[in-house]
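Take a look at the structure set out below.
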Amino acid sequence: MSDLIDDPTPGQNMPEYTVSEISGEVKRTLEGSFGRIRVRGEVGRVFRARSGHLYFDVKDDRNVLACTTWKGQVAGLSVVPEEGLEVVVTGRMTAFGGQSKYNLNVDEVAIAGQGALMALLEKRKKQLAAEGLFAPERKKPLPYLPQIIGVITSPSGAVIRDILHRLRDRFPRKVLIWPVAVQGSNCAPEVTRAIEGFNRLSPGGALPRPDLIIVARGGGSVEDLWGFNEEIVARAAAASDIPLISAVGHETDTTLIDYVSDMRAPTPTAAAELAVPVRLELLAWSENMGARLSRAATAALTQRRQRLGDLSRALPRGEALLDAPRQRLDWIADRLPQALTGGVQRRRVRLSEVAGGLRPSALRALVARRRDRLTAARLSVTPVRREIERRRERIATLSGRLDAAQNLRLDRLRRQLDATDRLRETLSYKATLERGYAVVRAGDQVVTSAGAARSAPLLEIEFRDGRVTAAPTDAPEAPPASGTPPAPSAPKKTPRQPNPKAPPEQGTLF
């Protein structure tokens, strides 16, 4: 076969090539003629294979150029191709003989002009807004005084110095810095990893988790700030559990991270001002509130003290409140003995009336009269006689019950009367005489003093077992002489023994 190819057919001056030879020659011609080129066009179909290779088309209004970016080159792209995006791709022309195709091996993709960038930005903004990432209700409030602040920015720029200086002037706080690239192809993935890394830190760990995140960068062109317009950065900021402040660019610069962050600051310095309050202003406010609280407490105490004084003057004195109850108590105490005596007398009269009405003889007479009345009627009707017999039996039963109730009540009243009489005997002065005392009388009057006894012509002394008559005398020796005659007369009147509790050798009273 090779011999046939090497030897040209007789009569033919054109050489013959194999398919591989012609494919290789075409590939060498393409690569040698074009080398590294830049092509501008609109991105068409985009396909990412399982192997990681990226296949897409760049087209204009008439032709299409197939482009390939190998797996190892995808990470170096500053812009990932998207369908409909106008780009400028840079790479080398090559051919693939297996399919008789040529394509451009792309290792760099750039947006073709600011208009295309704005169109892409608007497209992403509409997509994220439709998903609700810009909704105000999902934004988290910033902590009033965070203990630790995480800053995502370049460690060598002026931004971090401005933030630290502003924090030190307003209210010094602990700051954790996560260094990242703030422009170029590495900006978006590094900022994304920084936001996710701060959220993965555990509170109270060896490296404490910040209470607030600031993503900061200085001003620049749209291309310089494009890393903060990437979708992965916006989604990482929206998914952050830690409140996030975006401070990218100057006041007129706007990026996607500004829309999804919890707060947007026009400059990095303004972000520091939003993060913490002014310490001196906070101290002044605290002192002002403390002074107001003291004044309010003093005023409240003064007002309540004055109110209490007014109420105390309107209230009566405690002694005046007790005067009327004391008088009423004295009045009731004076009337109580009379009321007890009158109550006993009324109940005694009532008892007599009840006892007189409940005599058995009266009941028997009543029963006899009604029996005679029934007998006189001479009723011969059997039902009437039965009713009479039944009622007669009932009357007999009631009569017996009445007699028992009358006897029981009389016994109870008799016991109450005996108890009252014993109480009377106990309260009588004669019970006092039983304890060895005596009552001295001059006529019908009771003598209660020695002067009255001396002035009386004759005294009558009452003991527990009798009375003795005696004449008073003023001589001090009189008591033995005058006391001698009545002493033997006392045993003659009663055989009872003297009271063992009485003192021995008492003698006379005079």
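The values are calculated or read from the model by the stated rules, or taken from the named source; none is laboratory data. Since this is a predicted model, take the numbers as computed values, not measurements. Cβ: placed from backbone, ideal geometry, glycine included. Neighbour counts: every protein chain shown.
Couple of notes before you dig in:
- Residue identified as closer than 23 Å to Gly76 by Cα and either at pLDDT 85 or above or of a type in the set (Phe, Trp, Tyr) (or both) among Pro141, Pro146, Pro155: Pro155
- Within segment 1-115, strands (runs of 3 or more DSSP E) holding 2 or more residues that are at pLDDT below 90, surrounded by 10 or more Cβ atoms within 10 Å (Cβ to Cβ) and more than 60 Å from the chain's Cα centre (by Cα): 36-48, 86-96, 101-111
- Residue among Ala320, Ala333 that alone is under 30 Å from Arg424 (Cα atoms), modelled with pLDDT under 90 and not acidic (Asp, Glu): Ala333
- Residues that are assigned to a loop (DSSP other than H, G, I, E, B), at pLDDT 50 or above and either of a type outside the set (Lys, Arg) or touching a strand residue (DSSP E or B) at 6+ places or on another chain (Cβ under 7 Å) (or both), drawn from segment 454-493: Ala456, Pro457, Leu458, Asp465, Ala471, Pro472, Thr473, Asp474
- Meets criteria (more than 25 Å from Leu121 (Cβ to Cβ), among the hydroxyl-bearing types (Ser, Thr, Tyr) and more than 41 Å from the chain's Cα centre (by Cα)) for Ser202: no
Yes/no per residue for (1) more than 17 Å from Leu121 (Cβ to Cβ); (2) crowded, with 16+ Cβ neighbours inside 10 Å; (3) modelled with pLDDT under 95:
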position	(1), (2), (3)
Leu244	yes, yes, no
Thr252	no, no, yes
Pro268	yes, yes, yes
Leu280	yes, no, yes
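- Considering the conditions (1) touching a Leu at 6+ places or on another chain (Cβ under 9 Å); (2) in a loop (DSSP other than H, G, I, E, B), Ile214 is excluded by exactly one of them, (2).
- Members of segment 435-452 that are in a loop (DSSP other than H, G, I, E, B), free of Cβ contacts under 8 Å to residues at least 40 places away in the same chain and either touching an Asp or Glu at 6+ places or on another chain (Cβ under 7 Å) or surrounded by 13 or more Cβ atoms within 10 Å (Cβ to Cβ) (or both): Tyr437, Val447
Results for (1) among the small types (Gly, Ala, Ser); (2) surrounded by 14 or more Cβ atoms within 10 Å (Cβ to Cβ); (3) closer than 30 Å to Glu223 by Cβ; (4) without any contact (Cβ under 8 Å) to a residue 12 or more places away in the chain, shown as yes or no for each residue.
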position	(1), (2), (3), (4)
Gly157	yes, yes, yes, no
Asp162	no, yes, yes, no
Arg173	no, yes, no, no
Pro179	no, yes, yes, no
Ile195	no, yes, yes, no
Arg200	no, no, no, yes
Pro203	no, no, no, yes
Pro208	no, yes, no, no
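- Elements of type helices (runs of 4 or more DSSP H) contained in segment 251-359, each with 3 or more residues being of a type in the set (Asp, Glu): 279-314, 318-357
- The criterion of being surrounded by 10 or more Cβ atoms within 10 Å (Cβ to Cβ) and either closer than 30 Å to Leu427 by Cβ or among the basic types (Lys, Arg) (or both) holds for Leu351.
Each row is one residue, and each column tells you yes or no for (1) assigned by TED's automatic domain parsing to the domain that holds Val276; (2) touching a residue at least 60 places away in the same chain (Cβ under 8 Å); (3) within 30 Å of Arg168 (Cα to Cα); (4) hydroxyl-bearing (Ser, Thr, Tyr).
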| position | (1), (2), (3), (4) |
| --- | --- |
| Leu85 | no, no, no, no |
| Val88 | no, no, no, no |
| Thr94 | no, yes, no, yes |
| Tyr102 | no, yes, no, yes |
| Asp107 | no, no, no, no |
| Met118 | no, yes, no, no |
| Lys123 | no, no, no, no |
| Phe134 | no, yes, no, no |
| Pro146 | yes, yes, yes, no |
